[in-house]
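As structure tokens, the structure follows; a few thoughts come after it.
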Amino acid sequence: MPVTDSFVAFVLEQLEPLGPIVSKRMFGGVGLYAGDLFFALVSGDVLYLKGDDDTRGRREAAGARPFQPFPDRPRGQGKMQYYSVPAGILEDGDRLIAWRRRLCRSRAPNAQSRRRAAAGPAEADTTGASRRTRHGSPASKGP
């Protein structure tokens, strides 16, 4: 699903009060980053914010739907933890900012724990010896 530049510009304008947001095109969509935190994506001119079990019920009650890049996968395996932002919330900057901030508060402890867990073993190997290419063969160490 194509993403238009004008929609991405609108989303960035709505999120401007949060501080610097960087958009990066990827896999036919756009990823949104606040610093190194990937918190949202845009696909088919729909904004999806990353959700969790604590916020899912409220989002679904407001009309949010899960991002499903693989809708044909069985038993919901094609779903991700990103939920659409209903038009009424997207168009009301204050409500959108409130949704985003509520999400950040609910994710903060888990995000820090995941970063620490992920950083441990990866930082221990600085030689690159354990890295593999996408085809599974060992990566060259380079100069």
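The values are calculated or read from the model by the stated rules, or taken from the named source; none is laboratory data. From a predicted model like this one, the values you see are computed outputs, not experimental measurements. Don't worry about glycine lacking a Cβ; one is built from the backbone with ideal geometry, like all the others, and counts go over all protein chains shown.
Using the structure shown, decide if Arg58 is farther than 17 Å from Arg95 by Cα, of a type outside the set (Phe, Trp, Tyr) and surrounded by fewer than 18 Cβ atoms within 10 Å (Cβ to Cβ). No, not satisfied. The one condition from (1) over 16 Å from the mean Cα position of the chain (by Cα); (2) at pLDDT 70 or above; (3) surrounded by fewer than 16 Cβ atoms within 10 Å (Cβ to Cβ) that Gly128 does not meet is (2). Filtering the range 71-90 down to residues that are modelled with pLDDT under 75 and within 18 Å of Gly28 (Cα to Cα), which residue is surrounded by the most Cβ atoms within 10 Å (Cβ to Cβ)? For the range 71-90, the residue satisfying everything is Lys79.
Test Gly19 against the stated conditions and say whether it is exposed (fewer than 12 other Cβ atoms within 10 Å of the Cβ) and within 19 Å of Arg95 (Cβ to Cβ). If you could, list the steps in order and put the result at the bottom.
Working: exposed (fewer than 12 other Cβ atoms within 10 Å of the Cβ): yes; within 19 Å of Arg95 (Cβ to Cβ): yes.
In short, yes.
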